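Q: Here it is: the structure, laid out below.
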């Protein structure tokens, strides 16, 4: 799953229109980013990328780009 | 995997539950006093790999019934058993935190045939010491400063979770019905409970493990004499986590979840 596909999956998870998220968004500004979204995000990464996201690191995430980083999806420099 | 939030009707209910995954021997997650099922936000998905994971709001908490009956946590065990009946779950692994850990112990005594294993995270009812004043203050918060101070005290180090937690605790205390429910539990289970007697671990037929943050200030790690005795294949049933306070499943979510997953898989084998 590449960056574009992962962003689309996050759009769907947060019930946003496809292509909404670009990576720069602050999580605090996203209405749908709550504890249930946290669970769905961990499940998404586990299911699609076979990787367990560590909650203590997720708790410190501030932007969508941080989520991509935690998922191990390449973030352009 | 699809996250399902359900309101389950049954005698003594309703219960609010959050489920993920399917198959296997399911795992039931019981939160602590003044918490709710979202305390497992960092653990639920990983525990749902290859099995159903079900987190529940206990009576007086979250979106479940606010009727706490006598307020004795031990009396919640038949409530949980009826919930398992309503969910169609004859056998579950049980993971309980703090008050939920004590409830897990009560359920294991009440219905041992329903409990495949016990994982007790900073459980009440094991050691003789706990911060009863802390628990008494939780439902009676006077303002945000006190809520923030109590939220901070749950963690070993400053946590990005403390702000949100303080907001939730304060909102809960400001709701008269929720406050009354929590105060009933405090009176019946913490203030009037008397001395905590040692757990008779030998009477529990299922595998048991305990997980604790080394810096837990609410329920400190008890002495070895209070813990399950060592066995040849398992020198200690206790897992300790550095840099973790009373919420090791949040503050040390990675290692705690890994140990829970491995334990459940080993118990299934």
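Values in this text are rule-based calculations from the coordinates and carry no lab data. These numbers were taken from a predicted model, which means no experiment stands behind them. As a convention, Cβ positions derive from the backbone with ideal geometry for all residues, glycine included, and neighbour counts pool all protein chains shown.
Q: In this structure, is residue A:35 buried (at least 18 other Cβ atoms within 10 Å of the Cβ), more than 17 Å from residue A:69 (Cα to Cα), in contact with a helix residue (DSSP H, G or I) (Cβ under 8 Å, 6 or more places away or on another chain) and within 11 Å of chain B (Cβ to nearest Cβ)?
A: yes
Q: Can you tell me which condition residue A:4 does not meet? The list is (1) surrounded by 17 or more Cβ atoms within 10 Å (Cβ to Cβ); (2) without any contact (Cβ under 8 Å) to a residue 60 or more places away in the chain; (3) more than 9 Å from chain B (Cβ to nearest Cβ), and all the others hold.
A: The one condition residue A:4 does not meet is (1).
Q: Residue B:266 passes all but one of (1) over 30 Å from residue B:50 (Cβ atoms); (2) away from chain A (no Cβ under 14 Å); (3) assigned to a helix (DSSP H, G or I); which number fails?
A: Among (1) over 30 Å from residue B:50 (Cβ atoms); (2) away from chain A (no Cβ under 14 Å); (3) assigned to a helix (DSSP H, G or I), the lone unmet condition for residue B:266 is (1).
Q: Separate question: For the list (1) more than 14 Å from every other protein chain (Cβ to nearest Cβ); (2) on the phi < 0 side of the Ramachandran plot; (3) in a loop (DSSP other than H, G, I, E, B); (4) touching a helix residue (DSSP H, G or I) at 6+ places or on another chain (Cβ under 9 Å), I need the number of the one condition that residue A:68 fails.
A: Result: residue A:68 passes all but (3).
Q: Another question, then. Could you tell me how many of the residues in region B:78-103 are surrounded by fewer than 24 Cβ atoms within 10 Å (Cβ to Cβ) and part of a loop (DSSP other than H, G, I, E, B)?
A: 4
Q: Sticking with this one: Looking at B:228, B:222, B:248, can you tell me which residue is crowded, with 17+ Cβ neighbours inside 10 Å, more than 14 Å from chain A (Cβ to nearest Cβ) and in contact with a strand residue (DSSP E or B) (Cβ under 8 Å, 6 or more places away or on another chain)? Spell out the reasoning first.
A: Numbers: B:222 fails: in contact with a strand residue (DSSP E or B) (Cβ under 8 Å, 6 or more places away or on another chain); B:248 fails: more than 14 Å from chain A (Cβ to nearest Cβ).
Result of the check over B:228, B:222, B:248: B:228.
Q: Hey, another quick one. Take residue B:75 and decide whether it is surrounded by fewer than 22 Cβ atoms within 10 Å (Cβ to Cβ) and without any contact (Cβ under 8 Å) to a residue 60 or more places away in the chain. First the steps, then the outcome.
A: On the way: surrounded by fewer than 22 Cβ atoms within 10 Å (Cβ to Cβ): yes; without any contact (Cβ under 8 Å) to a residue 60 or more places away in the chain: yes.
In short, yes.
Q: Just need a number here: residues in region B:114-138 that are over 17 Å from residue B:100 (Cα atoms) and crowded, with 17+ Cβ neighbours inside 10 Å.
A: Number satisfying all stated conditions: 1.
Conditions (1) buried (at least 24 other Cβ atoms within 10 Å of the Cβ); (2) within 14 Å of chain A (Cβ to nearest Cβ); (3) under 15 Å from the mean Cα position of the chain (by Cα), marked per residue:
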{"site": "B:3", "(1), (2), (3)": "no, yes, no"}
{"site": "B:12", "(1), (2), (3)": "no, no, no"}
{"site": "B:22", "(1), (2), (3)": "no, yes, no"}
{"site": "B:25", "(1), (2), (3)": "no, no, no"}
{"site": "B:30", "(1), (2), (3)": "yes, no, yes"}
{"site": "B:46", "(1), (2), (3)": "yes, yes, no"}
{"site": "B:49", "(1), (2), (3)": "no, yes, no"}
{"site": "B:60", "(1), (2), (3)": "yes, no, yes"}
